[in-house]
1. List the residues of segment 21-55 whose backbone N lies under 14 Å from a point placed 7 Å from the Cα of A104 along the Cα-to-Cβ direction.
2. Expected output is a single nm value to one decimal: the length gained when fully extending between E82 and D271, i.e. 0.36 nm times separation in residues minus the C-alpha distance. What is it?
3. Hey, what did segment 303-423 get for relative contact order, percent, Cα under 8 Å, at least 6 apart?
4. Would you grab the residues whose amide H sits under 5 Å from the one on I408? Only those 5+ places off in sequence or on another chain, please, with H modelled 1.01 Å from N.
5. Over segment 279-447, average the accessible area per residue using a 1.4 Å probe and give it in Å², no decimals.
6. When ligands, DNA and RNA are left out and all protein chains stay put, how many square angstrom of accessible area per residue does segment 4-119 have with a 1.4 Å probe?
7. What lysines does K228 reach when the alpha-carbon gap must be under 20 Å and sequence neighbours fewer than 8 apart in one chain are set aside?
8. Which of the aspartates and glutamates could be linked to K336 by a straight reach, that is with a Cα gap under 15 Å, when you skip same-chain ones fewer than 8 residues away?
Amino acid sequence: MSTTEVVWFRRDLRLSDMPTLSSAADAGRVVALFVLDDRFAATGPRHTFLLRCLRALDDDLGGRLLVVRGDPATVVPKIAREFDAGAVHISADHAPYGSRRDRAVETALGDVPLVRTGSPYAVSPGRVVKNDGTPYRVFTPFRRAWLDHGWRSPATTDVSTVSWLDPDGIDLRVDIPDDDTDITLPPAGEQAALRRWREFRDDELERYDTDRDRPDLDGTSRLSAALKFGCLHPRTLLHDLRGRSDPGAVAFRSELCWRDFYADVLHHRPDTAYRNYNPRFESIRYDTGPDAERAFAAWQQGRTGFPIVDAGMRQLLAEGWMHNRLRMIVASFLTKDLHLPWWWGAKHFMSHLVDGDLASNQHGWQWTAGCGTDAAPYFRVFNPTSQGEKFDPKGDYVRRWVPELGGIAGKSVHRLPDGPPPGYPEPMVDHAHERQVALARYGEISARG
Ligand code: FAD
């Protein structure tokens, strides 16, 4: 006899290549559920993007997405009881909060099984390990093992054959809240993500390995928010790239592997969401106090007097996104020029990034600060001026985001040889001096062994 199965959508807001849906649809009629979890802030660009993705999913489901609000450990069992469900189906969450939440829901469900099928990663965290069974700590050997391991082909459930249940009349049902934001977000939802992927794959991927480091060229996919919310699965992208060994495809595959790598690292070391991966850094000296807080505010607002840093920070505020090269430059500036704790910067990023993801963000920060996996060697302190000249060689990116510098032609916008124009600050630090301070502080923890 056919049962009713609940598909609880979380970081998989799509209908194609969706193994969770396949496993539910094989067993019976399907209720599509999303829980607005009280624990997460109901503001900010990421939340807005989420709401738009939910609206897109609801449209694709013909209005049959059951959205409820509350603590998942309370509301998911209520919904399961309401429909007398055979099982609740999810894709596994390996992040610290998600796995705790799922264990709590599993307990609260009692006899109704919580069925985990797949995960938001090409290769689920914990799957790729060294020969001795321990996790990888360095990216390049992880990538080799990840490529050897490979991934499944996309799931092929025909959505039109799924027997969806209409959730009309369910008391707990709420409307998807309205959203408002004054920042420009990427188009939300599965169809928009697939369109963007096809456009990128067909027109831009062949130049990706050369253009991806150039913030002035917009040479990356801009799919990070869609991947964060599972509007498309990385396996779909990797499947499209099968057999391709051209530099663009190789580089893109490698970036998707970074995403899996950091999820794997966080899975094995959940403490590194907030603590240094390298314990030696527990004793490094950071600046704190009112001057440090003033410096932090200037960095947040994009008023450091270093044009490339300010352009990146202003892009973040305006778009909820920042180019990867800029993320590294501004993170290096915060930790090595201003000597502020990496987690201050990571928190600011998480408040503003539409793609904000605990694993990629905290470990991107730790990599740059020198305390993470594969950490940039401590003596590599990015020079913000030469980074600007190298990666924004005509100055177009800076002029786009820092209007005060709009009248300064070419790459001199990075050095401002005639001093800052009216309204734009002097450089807040002397980079050469701060580099020495950073090296001395790293030297102290190295000496302590
Ligand atoms: P593309 O270059 O088109 O890459 C394709 C996809 O690969 C990305 O969408 C992303 O899913 C993945 N990817 C690419 N580079 C990385 C990387 N270094 N680490 C992990 N995954 C990667 N990425 C996030 O998704 N969320 C974050 O919160 C985040 N915070 C970061 C913080 C810092 C300090 C740094 C240095 C990097 C961070 N990244 C983060 C990684 C990277 O900057 C973004 O994934 C990338 O800029 C997104 O743009 P895109 O989709 O155009 O990338």
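1. It comes to 36-41, nothing else.
2. On the way: separation 189, 0.36 × 189 = 68.04 nm, distance 3.74 nm.
Answer, rounded to one decimal: 64.3 nm.
3. Numbers: 148 pairs, mean separation 32.8, N = 121.
RCO, segment 303-423: 27 percent.
4. Those lying under 5 Å, H to H, from I408: there are none.
5. On the way: 6590 Å² over 169 residues.
That works out to 39 Å² per residue.
6. Numbers: 4290 Å² over 116 residues.
Value for segment 4-119: 37 Å² per residue.
7. K347
8. D287, D430, E434, E444
The values are calculated or read from the model by the stated rules, or taken from the named source; none is laboratory data. Here the structure is a predicted model, which is why all the values come from computation and not from measurement. As a convention, Cβ positions derive from the backbone with ideal geometry for all residues, glycine included, and neighbour counts pool all protein chains shown. Protein only, heavy atoms only, side chains kept; ligands, DNA and RNA dropped before computing areas. Shrake-Rupley method; radii C 1.70, N 1.55, O 1.52, S 1.80 Å.
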